[in-house]
1. Please give the charge dipole size of the chain, origin at the Cα centre, charges +1 on K and R Cβ atoms and -1 on D and E Cβ atoms. Round to the nearest 20 debye.
2. To test your reading of the geometry: what angle, between 0 and 90 degrees and rounded to tens, separates the Cα axis of helix 11-21 from the longest principal axis of the chain?
3. Say the dipole of the chain comes from +1 at the beta carbon of Lys and Arg and -1 at that of Asp and Glu; which of 24, 57, 67 then lies farthest toward its positive end?
4. Helix 26-60 versus the longest principal axis of the chain: what angle, 0 to 90°, nearest 10, using Cα atoms?
5. Take the solvent-accessible surface of the protein heavy atoms, probe 1.4 Å, and return the percent of it on the chain that carbon and sulfur atoms account for.
6. Using 0.36 nm times the number of residues separating residue 3 and residue 57, minus their current alpha carbon distance, what extension gain do you get?
7. Read through the labelled values (1) 1.42; (2) 0.93; (3) 1.18 and report the label of the one computed as Rg/Rh (Cα atoms, Kirkwood Rh) from the structure.
8. So with the 1.4 Å probe, I'd like the accessible area per residue for the chain, rounded to whole Å².
Amino acid sequence: MAAKVSVSLDAALVVEVMVLAGVGNPQDAVELVVRDYIARGHRTEARIAERDDARRAADDVKPPNVQG
């Protein structure tokens, strides 16, 4: 079983999250927002890693020696 944490939030903030998430339960609405935030962070990390890998690969490619 995962550990649980209780957090007090402003009621207006929670109601807005519930409306935006389309969820009637405050706990579920806030959990969805937190999970989405974490997922976005992981997607951003993955995009940055791919971009860095592409840069490294481009740096490894050297033009052929041209002798004239």
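The values are calculated or read from the model by the stated rules, or taken from the named source; none is laboratory data. All figures in this text were calculated on a predicted structure; none of them were measured in a lab. No Cβ is skipped: glycine too gets one built from the backbone with ideal geometry, and neighbour counts run over all protein chains shown. Surface areas here come from the heavy atoms of the whole protein model, side chains and all, with no ligands, DNA or RNA. Shrake-Rupley method; radii C 1.70, N 1.55, O 1.52, S 1.80 Å.
1. I would put it at about 240 debye.
2. The angle comes out at about 60 degrees.
3. Result: 67, furthest along the dipole toward the positive end.
4. Relative to the chain, helix 26-60 is tipped by roughly 0 degrees.
5. Values: 3670 of 6390 Å².
Carbon-and-sulfur percentage of accessible area, whole number: 57.
6. On the way: separation 54, 0.36 × 54 = 19.44 nm, distance 4.22 nm.
Value of the extension gain: 15.2 nm.
7. (1)
8. Numbers: 6390 Å² over 68 residues.
Here the per-residue accessible area is 94 Å².
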